[in-house]
């Protein structure tokens, strides 16, 4: 993944790995889940009319509920898929009470922060040793695929759910309503991450994956009406302030550069020394404002490296584009121009002047009535 950040716009480029239909690589259940609310509701209605849902709800739940068994899980899923919200919430409350009864809950395990472990989805045998029962083989569209379902979510599902048609597509929505995290955490608190192999240097297909390039660009929001930091993890209040400073001084530099250009042209029409010194001073100020833009940019990059892991992940590198070189060229040209205008603004009167016109231009002027 790479990104390009400019003064007005930021772009991100990357390659998204998609598991091919004939691949044996394991995939996270979220890649098969429906996320569109309309699709989810339609599929829930379709599954609710299937015979196995009626069979699951045929056996009554005991009162009170004292243990988590398959009957409880069948009612949990059946009430949810039928949209019986009140009954589902009651059963869910009982399930949550029994789930961590007398044992350490998931939040305590997650707070251990024992690090992360990257899993290679193409090595199915190694996955079996690492995550065990979290890996299932599920029939989808006439083929069998290896799917990873987190242990907590799997524990809330009824026996034989893998063989029921289209249930896999509702697991993300079911986990959300059950308030079950979709990430995988080992008993010692290690976060398990599914990381596909790196893309090939040539081509787009390798190891059962197709790597699709993507590009996402957006303009930076300088307004104060909304808080953009709530929408983008790549920016915060400090970066917004850095960017506003860069934009302000960049516009100011352009304005002063145009002023310097016009005063420089005017010195050829009126060669008096004070106009040359004025042009030199404007060029010097333009060089100074250009240097401010460059230094603020460098400071913002250092800040992002230290505080924004989303922009600068561990091990990432960066390089400057042609814009930074153009900025240094502008700074150097304006500084040299200022020096030259100051150097050639010396008074040359009388015989020292190159021409009578230049000599007259540097003569003293009496201002008065």
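Each residue in 211, 310, 322 was given a count of other beta-carbon atoms within 10 angstrom of its own, and listing them fewest first yields 322, 310, 211.
Among 50, 118, sorting on how many other beta-carbon atoms sit within 10 Å of each Cβ, with the fewest leading, yields 118, 50. The simple spin-label model puts a point 7 Å past each Cα toward its Cβ; for residue 182 and residue 45 those points are separated by 2.4 nm. Of 178, 259, 116, the sequence from fewest to most neighbouring Cβ atoms within 10 angstrom is 116, 259, 178.
Would you compute the Debye intensity of the range 114-157 from its alpha-carbon atoms alone, equal scatterers and no solvent, and pass along log10 I(q)/I(0) at q = 0.27, 0.28, 0.33 Å⁻¹ to two decimals? With no solvent term, the Cα-only Debye profile gives -1.06, -1.09, -1.17.
Projection of the Cα convex hull of the range 26-195, averaged over all directions and equal to a quarter of that hull's surface, yields 10.5 nm².
The numbers here are math on the coordinates, done by the rules we state, and not lab data. A quick note: this is a predicted structure, and the numbers were derived from the prediction, not measured. For neighbour counting, all protein chains shown are included, and Cβ atoms are generated from backbone atoms with ideal geometry for every residue, glycine included.
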